[in-house]
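Below is one structure, written out as structure tokens; the observations come after it.
The values are calculated or read from the model by the stated rules, or taken from the named source; none is laboratory data. What you see is a predicted model, and the numbers here were worked out from it, not measured in a lab. Cβ atoms come from the backbone with ideal geometry, glycine included; neighbour counts cover every protein chain shown. Ligands, DNA and RNA are stripped out before the accessible areas are found, and what is left, the full protein with its side chains, is counted by its heavy atoms. Shrake-Rupley method; radii C 1.70, N 1.55, O 1.52, S 1.80 Å.
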Amino acid sequence: MTQIEKHGFERLSLRLRLFLAAASVCWLAPLATAACLQPNPEGMGTHQQLGLPPCTFVWLFRTRCPSCGMTTSWAHAVRGQWLSAGRSNAGGAVLAAIAMLAGPWLLVSAVRGRWLFVEPNDRVLAGLAVVVAAITLADWAFRLWRG
């Protein structure tokens, strides 16, 4: 294995670069959208500013669903209001932080044609997904327990 291959600095294919650019948009577009929204002081319901209906889960069961407050948490996160973001939805706050790191990293890697700092690892990516899901479900369970 050459020094270049060992550190993941080999040139990325055009196809992969286009994929990375598209993936960066998938992370950055929700951040840009969240920046245009005012966080709802109730900790949830910010998504309604996008013309979406209130949460059906709340309407049916009179309690928040696991994703309630995610849009609000992102709206707080893009303003640097991390405590409020976590209070709205802890999983959403973690996901927003990941988006703030992943979006630019993917875009810069696509433009450079080489990975910036490090090549992604499937296990790390899967681990992050599990962590976000676990935090989201733990946050929801705590809210249900607290009443």
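The set of residues in region 130-147 being open to solvent by 60 Å² or more (accessible area, probe 1.4 Å), free of Cβ contacts under 8 Å to residues at least 12 places away in the same chain and part of a helix (DSSP H, G or I) consists of VAL130, PHE142, TRP145, ARG146. Being out of contact with any Cys (no Cβ under 9 Å at 6 or more places or on another chain), in a helix (DSSP H, G or I) and not aromatic (Phe, Trp, Tyr) holds for only one residue in THR63, THR72, and it is THR72. Using the structure shown, decide if LEU106 is open to solvent by 30 Å² or more (accessible area, probe 1.4 Å) and in a helix (DSSP H, G or I). Spelling it out, it is not the case that LEU106 is open to solvent by 30 Å² or more (accessible area, probe 1.4 Å) and in a helix (DSSP H, G or I).
Just to be sure, is THR56 surrounded by fewer than 18 Cβ atoms within 10 Å (Cβ to Cβ), free of Cβ contacts under 8 Å to residues at least 40 places away in the same chain, farther than 21 Å from VAL130 by Cα and polar (S, T, N, Q)? For THR56, the condition - surrounded by fewer than 18 Cβ atoms within 10 Å (Cβ to Cβ), free of Cβ contacts under 8 Å to residues at least 40 places away in the same chain, farther than 21 Å from VAL130 by Cα and polar (S, T, N, Q) - is met. Remark: pairs (first residue in region 82-103, without any contact (Cβ under 8 Å) to a residue 60 or more places away in the chain and over 15 Å from ALA34 (Cα atoms); second residue open to solvent by 30 Å² or more (accessible area, probe 1.4 Å) and not in a helix (DSSP H, G or I); Cβ separation under 6 Å; 6+ apart in sequence or on different chains) are absent.
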